[in-house]
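Have a look at the structure below before the remarks.
The values are calculated or read from the model by the stated rules, or taken from the named source; none is laboratory data. For clarity, every value in this text was computed on a predicted model and none was experimentally measured. Don't worry about glycine lacking a Cβ; one is built from the backbone with ideal geometry, like all the others, and counts go over all protein chains shown. Note: areas computed on protein heavy atoms with side chains; ligands, DNA, RNA excluded. Shrake-Rupley method; radii C 1.70, N 1.55, O 1.52, S 1.80 Å.
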Number of protein chains: 2
Amino acid sequence: MTQISKAEATRRKILETGHALVLKKGFVGVGLQEVLKASGVPKGSFYYYFPSKEAFGCALLQQYVDGYLALMDQLLAADLPDGRTRLMRYWGAWLAGTEDPARGWAEDCLVVKLAAEVADLSEDMRLVLSEGTEALIARIAQMIAEARADGSLPGGAPAPGLAQMLYQMWLGAALLTKLSRDRAPMRQAYEATQALLVCSGHSHIHPDPEED
Amino acid sequence: MTQISKAEATRRKILETGHALVLKKGFVGVGLQEVLKASGVPKGSFYYYFPSKEAFGCALLQQYVDGYLALMDQLLAADLPDGRTRLMRYWGAWLAGTEDPARGWAEDCLVVKLAAEVADLSEDMRLVLSEGTEALIARIAQMIAEARADGSLPGGAPAPGLAQMLYQMWLGAALLTKLSRDRAPMRQAYEATQALLVCSGHSHIHPDPEED
DNA sequence: GGTTAAAATAGACCGGTCGTCTAGTAGCAT
DNA sequence: ATGCTACTAGACGACCGGTCTATTTTAACC
């Protein structure tokens with residue numbers, strides 16, 4: 001089976017190198033030539049592995065969200081004291097990545113880097129990212145629900161809305177951190193998250209927009 | 001003095017057209033040629049008005065933040081029933097722009113569109129945007145403080161931190177809205193904002209990260 | 001070992017990139 | 001009118017963008 005995986009290995013190598021490059025320079029900011037050279041793959045080979053740059057971008061994003069979601073599931077399956085700990089461990093990872101302690105994983109987030117660029121550029125890429133975040137938010141909501149079920153978190157606003165709102169906040173925090181080169185927004189988000197989860201019983205976040 | 005303003009008018013025209021184009025296609029995604037053609041300005045003239053594409057980008061962003069901040073000051077100076085109304089009017093503008101009702105102004109925000117791209121691309125552009133958001137957050141904090149002073153909003157978490165947290169949330173909401181083509185995140189942000197402003201007395205967002 | 005199909009590559013293609021340069025026009029002051 | 005500056009004009013260079021066709025290398029099979 002090494003023959004099959006040989007091609008797959010090359011494909012993966014391109015994707016991997018592409019990820020790193022795109023994270024730094026954006027999608028349109030990176031040329032195929034650059035990716036290929038960095039991957040040690042000859043230029044002519046690109047269209048053997050991908051039908052177009054856009055398809056390459058989709059694969060890149062798909063691989064990323066798959067990996068991310070898998071990590072989430074791993075966290076969901078991990079046995080930890082309670083649901084609240086699990087949830088806060090997730091947010092903590094935004095601040096400081098699981099392996100690399102200093103560099104949080106917010107600076108490595110492709111959603112943060114590419115969402116705005118991709119949204120107007122390619123419908124296919126947009127969809128991959130959009131569905132990815134949707135699935136992610138669903139998992140966060142699940143975490144909240146479980147934490148409430150085991151009593152480690154008080155009830156309050158509906159979990160799905162709260163999850164979305166929290167994710168939004170962290171997304172914005174990551175963007176602002178990227179922009180200001182200061183981690184204060186991330187810390188702010190962490191503290192706000194704690195506060196919101198505990199006292200969300202008071203703040204009614206309900207899904208009807210009826211009010212003046 | 002029409003001579004001076006003639007050149008200035010052309011410069012402004014380039015900036016204006018550039019704004020629209022960049023908003024759709026990103027900064028690196030737009031070529032000078034395209035901007036110039038759309039502006040009706042010949043290609044050779046560009047380097048008379050701007051020393052480089054980067055400088056053009058800085059001017060573009062500077063013009064944008066100046067305009068935005070001016071709009072904020074206008075809102076701050078407007079006489080409205082109370083501070084809370086003023087503040088919520090600001091957030092309301094994110095949802096539905098002042099003039100164009102359907103299309104909220106979140107889709108037209110250059111910070112949302114360019115922050116991630118510019119942060120790694122150009123230090124100069126990054127700084128313009130970063131200082132812009134900083135000033136913006138300060139004005140939001142001021143609004144919160146004034147609303148508390150006139151009694152239309154209860155006290156609670158320190159205004160600067162709250163302002164930053166709210167802005168982050170809206171930034172993330174705008175990004176998610178751009179990505180999903182669904183305004184639900186924006187509505188979510190609006191409701192969460194109301195809840196947070198009113199019940200922030202309970203949720204202590206204090207700047208010490210001491211707890212298990 | 002020779003045939004054949006698939007995997008992988010080389011390199012040309014055309015158009016666009018930013019930026020430079022020189023020649024030229026318009027408008028005003030003296 | 002002359003000279004001077006502000007501004008326009010577009011060709012030009014070197015390079016890089018994504019894409020494609022033709023070609024070579026590799027492996028499989030009998």
Notebook entry, point to check: Can you list, shortest first in nanometers, how far A:PRO154 lies from the same residue in the other copies, with each label 7 Å from Cα toward Cβ?
Noted result: 1.2
Margin query: Taking the rotation axis that maps chain B onto chain A, which residue of B brings its Cβ closest to that axis, and at what distance in whole Å?
Written below: B:GLY172, 2
Margin query: How large a share of the accessible area of the protein assembly as shown, in percent, is made up of carbon and sulfur atoms when the probe is 1.4 Å and the other protein chains stay in place?
Written below: 55 percent
Check: Other chains' Cβ within 10 Å of B:118-131 residues: what's the mean?
Finding: 3
Item checked: GNM result for chain A, Cα springs below 10 Å: residue of A:ARG139, A:ARG86, A:ARG181 fluctuating most strongly -> A:ARG181
Next item on the list: Please name whichever of A:LEU95, A:ALA9, A:LEU75 sits farthest to the positive end of the charge dipole of the stretch A:1-131, dipole taken about the Cα centre and charges placed at Cβ: Lys and Arg +1, Asp and Glu -1.
Entry: A:ALA9
Next item on the list: Between the chain alone and the structure with every protein chain in place, find the residues of the stretch A:165-191 that drop at least 40 Å² of accessible area; heavy atoms, 1.4 Å probe.
Entry: A:MET165, A:GLN168, A:MET169, A:LEU171, A:LEU175, A:LEU176, A:LYS178, A:LEU179, A:ARG181, A:GLN188, A:GLU191
Margin query: Need one value: the accessible area of B:HIS19 in square angstrom, 1.4 angstrom probe, rounded to the nearest 10.
Written below: 40 Å²
Notebook entry, point to check: In nm², what is the average projected area of the convex hull enclosing the Cα atoms of chain B?
Noted result: 14.8 nm²
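Taking the Cα centre of chain A as the origin, how large is its charge dipole in debye, to the nearest 20, when only Lys and Arg (+1) and Asp and Glu (-1) carry charge on their Cβ atoms?
1100 debye
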Item checked: Per residue accessible area in Å² of chain B, where ligands, DNA and RNA are left out and the probe is 1.4 Å -> 45 Å²
Check: What nm distances, shortest first, do you get from the label point of A:ARG12 to those in the other copies when the point sits 7 angstrom along Cα to Cβ?
Finding: 5.8
Notebook entry, point to check: In degrees from 0 to 90, rounded to the nearest 10, what is the angle of the helix B:53-77 Cα long axis to the longest principal axis of chain B?
Noted result: 40 degrees
Next item on the list: With everything on Cα atoms, drop me the angle between helix A:110-119 and the longest principal axis of chain A, reported from 0 to 90° to the nearest 10.
Entry: 70 degrees
Note to self: Give me log10 I(q)/I(0) at q = 0.19, 0.21 Å⁻¹ for the stretch A:1-95, Debye formula, one equal scatterer per alpha-carbon, no solvent.
What the structure shows: -0.89, -0.99
Notebook entry, point to check: Straight-line reach from A:LYS13: which lysines have Cα under 20 Å away, leaving out those fewer than 8 places along the same chain?
Noted result: A:LYS24, A:LYS25, A:LYS37, A:LYS43, A:LYS53
Next item on the list: Work out the P(r) tail for the protein assembly as shown: percent of alpha carbon pairs separated by more than 30 Å, whole number.
Entry: 46 percent
Checklist line | From phi via Karplus (6.51, -1.76, 1.60), per-residue ³J(HN,Hα) for the stretch B:148-157 in Hz, x at Gly/Pro | finding: 6, 5, 8, x, 7, 9, x, x, x, 4
Item checked: In degrees, nearest ten, helix B:2-25 long axis to first principal axis of chain B (Cα) -> 60 degrees
Item checked: Residue-averaged [θ]222 nm for chain B, counting only DSSP H segments that reach four residues, each worth -39500 (n - 2.57) -> -23500 deg cm²/dmol
Next item on the list: Quick one: pull the percentage of alpha-carbon pairs in the stretch B:1-50 with a separation above 13 Å.
Entry: 54 percent
